[in-house]
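Accompanying notes for the structure given below.
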Amino acid sequence: MSRPKVLVTRKIPKVGIEMLQRVADVDVWPGEMPPPRDELLKRVAGCNGLLSMLSDGVDGELLDRAGSGFKVVSNYAVGYNNIDVSAAQERGVAVGNTPDVLTDSTADLAVTLLLAAARRLPAAIENVKQGEWKTWEPMGFLGVDLRGKTVGILGMGRIGLAVAQRLQGGWGMKVLYTARTAKPDADQMGAKHVQLTEMLQQSDFVSVHCPLTDQTRNLLDETKFALMQPHAVLVNTARGDVIDQEALADALEGGKIFAAGLDVTTPEPLPPTHRLVQLENCTIAPHIGSASVQSRDDMARLAAENILAGLAGKPLPNPVS
Ligand code: DGY
């Protein structure tokens, strides 16, 4: 019997590739950039499984191109807004992701961005690099403190909870959160489930952790920034599209909020000429939330496990919900 074929759309840690190679013929796209759409469609034809990245659009066209032997898509990410899950379900294709193993690394990055933005660290570092550091400045680079403040968590899933625990445990912060339903784990730590309006009005820091859906696209727009406090710091490590970026740039420029720390933007990469990149009070990282050696190894392992289960016609260990 011939071996199944699996397409992996970027180089990932070898632990995942080796797991796949034991049972399948594996085609790993060698480029540094994602495969262009026509190349993706060409390579997926005749495959039985696809290990995709968040930069690959997996839709009905691609699934049809893969053909009738196609069984499973495993996204190398916890987010899966790049996949048309209904189109996969209609075709009997299983879809999996890599939850849990990147919770700590992403939560750590969210707190890093929050601190960096609050303390104006990128601007201060730039000042040194540019040779503009003249003396100790009594009024230079004044930021905002965290101790005892209130953080609003938008989307209290695993990562939101991990961020809340870090900020409550480390800085004694009060936690407010929004979610479709109250979360027992969050309530147990004393976090308060509130409406978005109340959360934005009362929070000194807001950290975004909801998935991107039709309901959350552009959720933080001009009207929401108008509710926030002028000293507030906004952090986003979820998906860029949750924020209306023009409205955010206006809010940062107009002093409606103090600063922002973004690990995700629309598009990615954000051009260096973009307003947000130019703003001193906007700290932007190139989508590195899960970029620790441990998390990426574990993601590779989980993504491969999903593929292997899908090829064997078994339930995926990590199916998307
Ligand atoms: C995810 O997993 O969804 C992150 O955005 C990338 O690790």
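Structure notes:
- Top-ranked residue in segment 271-286 [being within 15 Å of the ligand (Cβ to nearest atom) and free of Cβ contacts under 8 Å to residues at least 60 places away in the same chain; ranked as surrounded by the most Cβ atoms within 10 Å (Cβ to Cβ)]: 284
- Within segment 219-248, residues that are farther than 20 Å from residue 160 by Cα sit with their Cβ atoms under 8 Å from residues that are among the aromatic types (Phe, Trp, Tyr), at 6+ positions apart or across chains, in these pairs: 230/258; 231/258; 247/225; 248/225.
- Residue match in segment 131-145 (condition: of a type in the set (Val, Ile, Thr), closer than 21 Å to residue 284 by Cβ, in contact (Cβ under 8 Å) with a residue 24 or more places away in the chain and assigned to a helix (DSSP H, G or I)): no
- When every residue of segment 243-252 is checked against the conditions, at least one turns out to be within 16 Å of the ligand (Cβ to nearest atom), buried (at least 24 other Cβ atoms within 10 Å of the Cβ) and under 21 Å from the mean Cα position of the chain (by Cα).
- The single residue among 123, 66, 107 that is away from the ligand (no atom under 16 Å from the Cβ) and touching a helix residue (DSSP H, G or I) at 6+ places or on another chain (Cβ under 6 Å) turns out to be 66.
- Any chance residue 232 is away from the ligand (no atom under 16 Å from the Cβ), outside the structural domain of residue 88 (by TED's automatic domain parsing) and crowded, with 22+ Cβ neighbours inside 10 Å: yes
- Residue 293 within 19 Å of residue 81 (Cβ to Cβ), modelled with pLDDT of 95 or more and within 14 Å of the ligand (Cβ to nearest atom): no
- Filtered residues of segment 69-97 (kept if within 14 Å of the ligand (Cβ to nearest atom) and either of a type in the set (D, E, K, R) or part of a loop (DSSP other than H, G, I, E, B) (or both)): 76, 77, 78, 79, 80, 81, 82, 97
- Residue check for residue 101: crowded, with 18+ Cβ neighbours inside 10 Å, modelled with pLDDT of 95 or more and within 16 Å of the ligand (Cβ to nearest atom): yes
- The residue that is farthest from the chain's Cα centre (by Cα), among those in segment 146-164 that are surrounded by 11 or more Cβ atoms within 10 Å (Cβ to Cβ) and either free of Cβ contacts under 8 Å to residues at least 40 places away in the same chain or not assigned by TED's automatic domain parsing to the domain that holds residue 119 (or both), is 164.
The values are calculated or read from the model by the stated rules, or taken from the named source; none is laboratory data. No experiment lies behind these values; they were computed from the predicted model shown. Using ideal geometry, Cβ is built from the backbone for each residue, glycine included, and neighbour counts are taken over all protein chains shown.
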